[in-house]
Amino acid sequence: MISDRELIDRLHEVDMQASKARDYRTLRTLLSDDVVVLPPGGRMIQGRDAIDQSFAKMGDVDLPSEVLEYRFDWREVRIVGEYAYEWGYIHGSERNRATGELTTSMYHVMRILQKQADGDWKVHRTIWNEPGK
């Protein structure tokens, strides 16, 4: 039997791979239907319809950069019954396809995960921001 922590670690791996590939269809499967997303400098996204619309818009945009790195550095992951909370960092780098310019980023991130009826874990609440902003 797979432990809850192993299932959460799998969620992290799929999340990192899909984020790097800008695979919004897979990313959507990692979110609960009543998710709340609090992006930096943006509007709150709440619920299935809003997140579906947001991902559809992102999928329609031809971005000028290639994601080279997208990884989590979790400092704490705690499971408390049917919920888990985690906080840490997101590290990333991108290369502009036209200029070759490389940019790096780091965000603070905090998430609440919710265990689903089938035993899988999904992101239920998430917020991230840039340090010092």
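Each Lys and Arg Cβ is given +1 and each Asp and Glu Cβ -1; about its Cα centre, the chain then shows a dipole of about 240 debye. Between helix 4-21 and the chain, what is the angle of the helix's C-alpha long axis to the longest principal axis, kept within 0 to 90° and rounded to the nearest 10? Here the helix axis deviates by roughly 20 degrees. Loop-resident trypsin sites (Lys or Arg not before Pro) (DSSP state other than H, G, I, E or B) in the stretch 1-68 with no more than 11 further Cβ atoms inside 10 Å of their Cβ: Arg43.
So for the chain, taking the charge dipole from beta-carbon charges (+1 Lys/Arg, -1 Asp/Glu), which of Leu113, Tyr89, Ser19 sits furthest toward the positive end? Going by the charge dipole, the pick is Tyr89. Give the calculated FRET efficiency between Met1 and Glu130 to the nearest 0.05, with a Förster radius of 35 Å applied to their Cβ-Cβ distance. The formula returns an efficiency of 0.30 here.
The numbers here are math on the coordinates, done by the rules we state, and not lab data. Quantities reported herein were computed from a predicted structural model and do not represent experimental measurements. Note: ideal-geometry Cβ built from the backbone for every residue, glycine included; neighbour counts use all protein chains shown.
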